[in-house]
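Below is one structure, written out as structure tokens; comments come after it.
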Amino acid sequence: VTLHLNPISSVHIHQKPLVFLLNSPLPLVWKLKTERLAPGIQRFFFVSVGSVVQFEKGNFSLSAETEEKLFPEKNEQLLQWAQKEYGAVTSFTELKISRNIYIKVGE
């Protein structure tokens, strides 16, 4: 699955840390494609067990961390866990089948 990350239209370059919880019932390869995200900013990608994140060529991977996590099975439990762990959830998306996911990041 390719995860496309771009800033919202009102933000020229996104310069804040990000946390992504990438959960799947089966192990996946998450391919990351980014545009206009500032280098050197901390970004975290927590993936379900057996999954991996592949970064595009460039320096983005130097400031990104990937870690496997055992997530709660149900979406409501996952959302509650994320809110407890991080204090807020700004976006939650559930897809049954997809090759590409487009996410706008920003305020």
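The values are calculated or read from the model by the stated rules, or taken from the named source; none is laboratory data. These numbers come from a predicted model, not from an experiment. In this analysis, Cβ positions are derived from the backbone assuming ideal geometry, glycine residues included, and neighbour counts consider all displayed protein chains. The protein model used for the area step is the full one, side chains on, heavy atoms only, and it has no ligands, DNA or RNA in it. Shrake-Rupley method; radii C 1.70, N 1.55, O 1.52, S 1.80 Å.
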Applying the selection to the stretch 72-100, what residues are touching a Phe, Trp or Tyr at 6+ places or on another chain (Cβ under 7 Å) and touching a residue at least 40 places away in the same chain (Cβ under 8 Å)?
78
Could you say whether any residue in the stretch 35-46 is open to solvent by 60 Å² or more (accessible area, probe 1.4 Å), farther than 21 Å from residue 89 by Cα and touching a strand residue (DSSP E or B) at 6+ places or on another chain (Cβ under 8 Å)?
yes
Scan the stretch 34-47 and tell me whether some residue there is farther than 13 Å from residue 18 by Cβ and either among the hydroxyl-bearing types (Ser, Thr, Tyr) or touching a residue at least 40 places away in the same chain (Cβ under 8 Å) (or both).
no
Enumeration of residues in the stretch 8-27 that are surrounded by 15 or more Cβ atoms within 10 Å (Cβ to Cβ), of a type outside the set (Gly, Ala, Ser) and farther than 18 Å from residue 61 by Cα:
11, 23
Which residues, counting only those in the stretch 55-79, are modelled with pLDDT under 85 and open to solvent by 60 Å² or more (accessible area, probe 1.4 Å)?
56, 57, 59, 62
Qualifying positions in the stretch 29-59 - in contact with a Gly (Cβ under 8 Å, 6 or more places away or on another chain) and within 27 Å of residue 87 (Cβ to Cβ):
39
